[in-house]
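Student: Take a look at the following structure, please.
The values are calculated or read from the model by the stated rules, or taken from the named source; none is laboratory data. On a predicted model such as this, the values are computed, not experimentally measured, just so you know. Methodologically, a virtual Cβ is constructed for each residue, glycine included, from the backbone with ideal geometry; neighbour enumeration extends over all protein chains shown.
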Amino acid sequence: MVKQCVRAAVTLCLYLAGTASAQPAAQPSNDYGDPRSWLCRPGGHDACDADLTTTIVAADGKFSRETWSADPNAPIDCFYVYPTVSTDPTPNSDMTADPAELNVIRQQFARFASKCRPYAPLYRQLTLVGLRRLRAAGGGGAALARGLQ
């Protein structure tokens, strides 16, 4: 009986320690006046400033080259919030662009710059590591809502 109580107490302590360490540490506010807080901004040399020239294959099998460029006079703004891709080892992104974040912008958003002014901010998204931890712990939607403010 004593061993069971000790085992239960140790288990509870480990659980509480794990829960406490899973809480996000206080982070400084994001400064979107700083260009480093953006993956894309109009006119910037950033993830949207990529060579998106492509090859067109016509129905008859002939190839042609289509050059691409951003429209500096685009009539509208496009704002893009990228999906959960951060490979940072922490539960939330560290506001430093990693290759996965840069790559998703190039693949899913950069081409829009030919029609609109592109804006894609870095943000403290839940990382893939954080998502795996929540799933392993059986966390649901309520656990996701405890993110950073």
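Student: Might you check whether a residue that is farther than 21 Å from GLN27 by Cα and either touching a residue at least 40 places away in the same chain (Cβ under 8 Å) or not small (Gly, Ala, Ser) (or both) occurs anywhere in the stretch 88-101?
Tutor: Yes, some residue in the stretch 88-101 is farther than 21 Å from GLN27 by Cα and either touching a residue at least 40 places away in the same chain (Cβ under 8 Å) or not small (Gly, Ala, Ser) (or both).
Student: Still on this structure, I have one more. Scan the stretch 15-24 and tell me whether some residue there is modelled with pLDDT under 90 and touching a strand residue (DSSP E or B) at 6+ places or on another chain (Cβ under 7 Å).
Tutor: Within the stretch 15-24, one or more residues are modelled with pLDDT under 90 and touching a strand residue (DSSP E or B) at 6+ places or on another chain (Cβ under 7 Å).
Student: A further question follows. Would you check if there is a residue in the stretch 53-60 being under 21 Å from the mean Cα position of the chain (by Cα), part of a strand (DSSP E or B) and touching a residue at least 12 places away in the same chain (Cβ under 8 Å)?
Tutor: Looking through the stretch 53-60, none of the residues is under 21 Å from the mean Cα position of the chain (by Cα), part of a strand (DSSP E or B) and touching a residue at least 12 places away in the same chain (Cβ under 8 Å).
Rundown of residues vs (1) within 18 Å of PHE109 (Cα to Cα); (2) surrounded by 13 or more Cβ atoms within 10 Å (Cβ to Cβ); (3) touching a residue at least 40 places away in the same chain (Cβ under 8 Å), yes/no style:
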residue	(1), (2), (3)
LEU39	yes, yes, yes
ALA47	yes, yes, yes
ASP51	yes, no, no
ARG65	no, no, no
TRP68	yes, yes, yes
ASP77	yes, no, yes
TYR82	yes, yes, yes
SER86	yes, yes, yes
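Student: Could you tell me which of the residues ASP88, ASP71, ASP98 is touching a helix residue (DSSP H, G or I) at 6+ places or on another chain (Cβ under 6 Å) and modelled with pLDDT under 95?
Tutor: That would be ASP71, the only listed residue that is touching a helix residue (DSSP H, G or I) at 6+ places or on another chain (Cβ under 6 Å) and modelled with pLDDT under 95.
Student: Exactly one of these conditions fails for GLN125: (1) buried (at least 20 other Cβ atoms within 10 Å of the Cβ); (2) of a type outside the set (Val, Ile, Thr); (3) at pLDDT 95 or above. Give me its number.
Tutor: Evaluating GLN125 over (1) buried (at least 20 other Cβ atoms within 10 Å of the Cβ); (2) of a type outside the set (Val, Ile, Thr); (3) at pLDDT 95 or above leaves (3) as the failure.
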